[in-house]
Amino acid sequence: MSNATLKASRRDSGGKGAARKLRGTGRVPAVLYGHGDRTDSLSVDAHDLELLLAHVNPESTLIGLDIDGSRADVLVREIQRHPYRPEVLHVDFLLVHGDETLKLDIPVRLTGTPVGVLDEGGVLDQVLYELHVECLPRNIPEAAEVDISGLHVGDSARVGDVSIPNVTILMDAELSIASVLQPRVQEEEPVAEAATPEPEVLRAKSTEE
């Protein structure tokens, strides 16, 4: 499980104007909610938040949120970004209790190079990039590692092949994660034969000419 920390401060809920003013000071409006607990309006430092998001997978990383000196374990549930500037406008945190089961998506990480690619000329095709899982907060994995080094052309790695300690995968076991496909053979277009020029017919001159 990845752990990260982030400092936050309580703020007045305000409205759009207050949120815009807050962003102007280098902070990002945030909200903390979860499971019957009261909802808290917070703010976090924009630079610290960007650094955190650049180094962890926010959806599967348990974050220790320091709220004015009081710690809360949270997950990022939603990030609102500016439509064209590299700027976070708002972030939602979900409060996590240590004894509660969570459902979340974790990234799939392929390891190794398939023998079907190395020796058989195959092409690797990954179709599934996340697994939906259920586990306790302390058992959240950084990623689901899938070893594909033994795949030959025509083979697939499936959800049922993945096993993560203390984690239940909530997806159809037959779903394909990655396959090694037969390479496509490009058909050569037939070369058009050059047209044979017709012989020039020389007509005899008439006696009048």
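The table below lists the values:
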read-out: Rg and Dmax of segment 13-114, Cα atoms only, in Å; value: 15.3, 55
read-out: Restricting segment 1-95 to chymotrypsin sites (Phe, Trp or Tyr not before Pro) in coil, as DSSP defines it, with at most 14 other Cβ within 10 Å; value: Tyr84
read-out: Karplus-derived HN-Hα couplings along segment 69-79 (A = 6.51, B = -1.76, C = 1.60, θ = phi - 60°), whole Hz, x at Gly and Pro; value: x, 10, 8, 9, 7, 9, 10, 6, 9, 7, 10
read-out: Cβ-derived FRET efficiency at R0 45 Å, Ser163 paired with Ser70, nearest 0.05; value: 0.75
read-out: Accessible-area composition of segment 65-138, carbon plus sulfur, in percent [1.4 Å probe]; value: 48
read-out: Under-5 Å amide H pairs with Arg27, H placed in peptide plane, nonlocal only; value: Ala46
read-out: Estimated distance in nm for a label pair at Leu181 and His97, the labels positioned 7 Å out from Cα along Cα-to-Cβ; value: 4.8
read-out: Two-decimal ratio, segment 119-183, of alpha-carbon radius of gyration to 2.2 N^0.38 Å; value: 1.24
read-out: Heavy-atom accessible area per residue - segment 1-104, 1.4 Å, Å²; value: 57
read-out: Placed amide H near Gly122: partners under 5 Å, 5+ positions off or other chain; value: Val117
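The values are calculated or read from the model by the stated rules, or taken from the named source; none is laboratory data. All figures in this text were calculated on a predicted structure; none of them were measured in a lab. With ideal geometry, Cβ positions are generated from the backbone for all residues, glycine too; neighbour counts draw on all protein chains shown. In case anyone asks, the SASA skips ligands and DNA or RNA and just uses the protein heavy atoms, side chains included. Shrake-Rupley method; radii C 1.70, N 1.55, O 1.52, S 1.80 Å.
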